[in-house]
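Written out below as structure tokens is the structure these notes cover.
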Amino acid sequence: MFYEIYANLCKEKGKSPSRVALELGINKSTVSVWKSKGTTPQTEILQKIADYFGVSLDYLLETKKASAEPAEDQEMTELLEALKNNPGMRVLFSKTKNATKEDIEKVIKMLEIMKGDV
């Protein structure tokens, strides 16, 4: 559910969902509707939230679909989640929010080459 993801991102940032909404120019009663009715904001609001937290729209809209993903996609999801949760890597994660799986694999390959692992 969208609100759970939103609330977790707010918690990671040390702010309340209402405070983040205020900073983004979103009425706090709108946040209450997200929570109580399980609704999802319109795309332009979602984009504001994604930009604020440095995450992708897909991340904000993620549901319990991970269990249906192939193992390699699950591994990639876990890698991106680890990057996102590491404050020092947050900039890197924000730059990858629109990257494809292939783009990320290319970057990993480049890093392996730089380290001499190949």
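Here, each number is a calculation from the coordinates, and none is a lab measurement. All values derive from a computational prediction rather than experimental measurement. Quick reminder, even Gly has a Cβ in these numbers, built from the backbone with ideal geometry, and neighbours come from all protein chains shown.
What spacing in nm lies between the two simple spin-label points modelled at V107 and K48, each 7 Å away from Cα in the Cβ direction?
Taking the two extended label points, one gets 2.7 nm.
Step through the residues of segment 46-58 one at a time and calculate ³J(HN,Hα) from phi using the Karplus curve (6.51 cos²θ - 1.76 cosθ + 1.60, θ = phi - 60°), rounding each to whole Hz and writing x for Gly and Pro.
4, 5, 4, 5, 4, 5, 4, 8, x, 10, 8, 4, 4
Assuming R0 = 30 Å, what is the FRET efficiency of M76 and T40, from their Cβ-Cβ distance, to the nearest 0.05?
Efficiency for this residue pair is about 0.80.
Holding the Cα-Cα limit at 21 Å, pick out from K13/K35; K48/K109; K11/K101; K13/K106; K11/K48; K15/K35 the pairs that are longer than that.
Where the Cα-Cα span goes over 21 Å, the pairs concerned are K48/K109; K11/K101; K13/K106.
Hey, can you rank 25-35, 49-59 by average C-beta count inside 10 Å, highest first?
Sorting 25-35, 49-59 by mean packing, highest first, produces 49-59, 25-35.
Tell me, what HN-Hα J-couplings in whole Hz come from the Karplus equation 6.51 cos²θ - 1.76 cosθ + 1.60 at θ = phi - 60° for each residue of segment 10-21, using x for Gly and Pro?
So the Karplus estimates, Gly and Pro as x, are 4, 4, 4, 7, x, 10, 7, x, 5, 5, 4, 4 Hz.
If we count other beta carbons within 10 Å of each Cβ, what is the order of L80, L46, fewest first?
In increasing order of surrounding Cβ atoms, one gets L46, L80.
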